[in-house]
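Data block below; observations after.
Laboratory data are not the source of any read-out in this text; all were calculated from the coordinates shown. No experiment lies behind these values; they were computed from the predicted model shown. Using ideal geometry, Cβ is built from the backbone for each residue, glycine included, and neighbour counts are taken over all protein chains shown.
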Amino acid sequence: MLQDIERYLACPLCTQALTRHDRSLRCPAGHSFDVAKQGYVSLLAGDAHTGTGDTAEMVAARADFLAAGHYRPIADALAEAAAAALAGEPEAESEAESEAEPESESEADGLVADLGAGTGHYLAHVLDALPGSVGAALDISKYALRRAAKAHPRIGAVVCDAWRPLPLRDASVELMLNVFAPRNGPEIRRVLRPGGTLLLVSPTARHLRELVDALGLLSVDEEKQRRIDEKLGPYLTPGARREVEFTLRLGPQDVRTVVGMGPSAWHTDPERLGAALAALPDPVEVTASVTVAAYRR
Ligand SMILES: [Zn+2]
């Protein structure tokens, strides 16, 4: 429910806290944001454009793909890493409590935010493993967030732009998830509380390699993880990581979906792609290979 996470939200225009007034969230400066009847709220700054978000069709295809369990090993690894990150919290960080205003429910384990949450599939799986936590699904696609808002009873869904200041209060996040999604180092650091963890899932160079060859897709380069570490280095400290690799058995529609799901935009001519897809065996065996990496503030 959106109400579970409202106390962690910040006005995207002036960064002040938001409070509920009937069907809207408002800041002390008078900026007001309507809560959609589907249960999510849009906290986009006024001049942001949503054209880059996923369409309803793309979202539906991805939801079907994930619901079929193809990426279940990734969700499981993420949930395990999330539980480990929270269990391994170092104690005695009271010196950094200054800006933490959400004190009233101190028995809760805090906020898990998924940046680029899509339909909330991974966040819901992580929340199942963290019964004391609430989740914020952040994405630019309202179609995805309509689903995320219903993906778990403890999820609140917020439309926002990952490349703008995130609509979350300073040091409000216990655990940040980022699965095949854009990451904004300075903002992730700002919203994580001291000692908080980012769990980042990114493809290795072996991810979908059979499709990369057969369909002429852009491959993930060998240096990706090093480049991610370099970009996040000024903001977060690398911690535990593990590789998760398994075999997918995909039919033609699954292949189309997984190609469209990224890691990042694949630059493929649709006609050539269609011909190459038709030439694949059905089902086709494809390697899935990702790194689950922890970073700590
Ligand atoms: Zn405001």
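Of all DSSP beta bridges confined to the chain, the antiparallel ones make up roughly 55%.
Among the lysines, select those whose C-alpha is under 23 Å from the C-alpha of K150, and discard any that sit fewer than 8 residues away in the same chain. Here the lysines satisfying the reach criterion relative to K150 are K37, K142.
Given axes a ≥ b ≥ c from the Cα gyration tensor, I'd like to know whether region 139-234 is rounded (a/c under 1.5), prolate (a/b larger than b/c) or oblate. Write down the numbers at each step before the final one.
On the way: a/c = 2.40, a/b = 1.38, b/c = 1.74.
In terms of gyration-tensor shape, oblate.
In the elastic network of the chain, a GNM with C-alpha springs shorter than 10 Å, the most mobile of P270, P28, P165 is P270.
With a Förster radius of 41 Å, plug the Cβ-Cβ distance of E243 and D170 into 1/(1 + (r/R0)^6) and report the FRET value to the nearest 0.05. Approximately 0.80, to the nearest 0.05. Converting phi to 3J(HN,Hα) with the Karplus coefficients 6.51, -1.76 and 1.60 and the offset θ = phi - 60°, region 154-169 yields 9, 9, x, 10, 9, 6, 7, 9, 5, 9, 10, x, 6, x, 10, 6 Hz in sequence order, with x at every glycine or proline.
Gyration tensor over the Cα atoms of the chain: the corresponding equivalent ellipsoid has semi-axes (square roots of 5 times the eigenvalues, largest first) of 33, 22, 17 Å. Given R0 = 45 Å, the distance between the Cβ atoms of K231 and R72 translates into a calculated FRET efficiency of 0.95. If R0 equals 25 Å, the separation of the Cβ atoms of C14 and W163 corresponds to a calculated FRET efficiency of about 0.85. Computed over the chain with a Gaussian network model linking Cα atoms closer than 10 Å, the most mobile of T197, T19, T119 is T19. For the chain, the membrane-span-like helices by this rule, meaning whole DSSP H stretches whose C-alpha atoms cover at least 20 Å of axis and whose Kyte-Doolittle mean is 0.0 or above, are 72-87; this says nothing about an actual membrane.
Shape analysis of region 184-292 places it in the prolate category; the axes a ≥ b ≥ c from the Cα gyration tensor give an a/c of at least 1.5, with a/b above b/c. The calculated 222 nm mean residue ellipticity attributable to helices in the chain amounts to -8500 deg cm²/dmol, summing -39500 (n - 2.57) over DSSP H runs of n ≥ 4 and dividing by all residues. Site pair S24 and K37 shows an inter-label distance of 1.8 nm when each label is modelled 7 Å from Cα along Cα→Cβ. Mean-square fluctuations from a GNM of the chain, with a 10 angstrom spring cutoff on Cα atoms, peak among L168, L250, L273 at L273. Please list the non-local residues whose amide H lies under 5 Å from the amide H of A240, H modeled 1.01 Å from N, same-chain partners needing a gap of 5 or more. Hits under the 5 Å cutoff: A294.
Classify region 117-195 as rounded, prolate or oblate from the Cα gyration tensor: take a ≥ b ≥ c as the square roots of its eigenvalues, call it rounded if a/c is under 1.5, otherwise prolate when a/b beats b/c and oblate if not. Here region 117-195 falls in the oblate category. Could you tally the net charge around G185, taking each other residue with its Cβ under 13 Å from the Cβ of G185, Lys/Arg +1 and Asp/Glu -1? Local charge sum for G185: +3.
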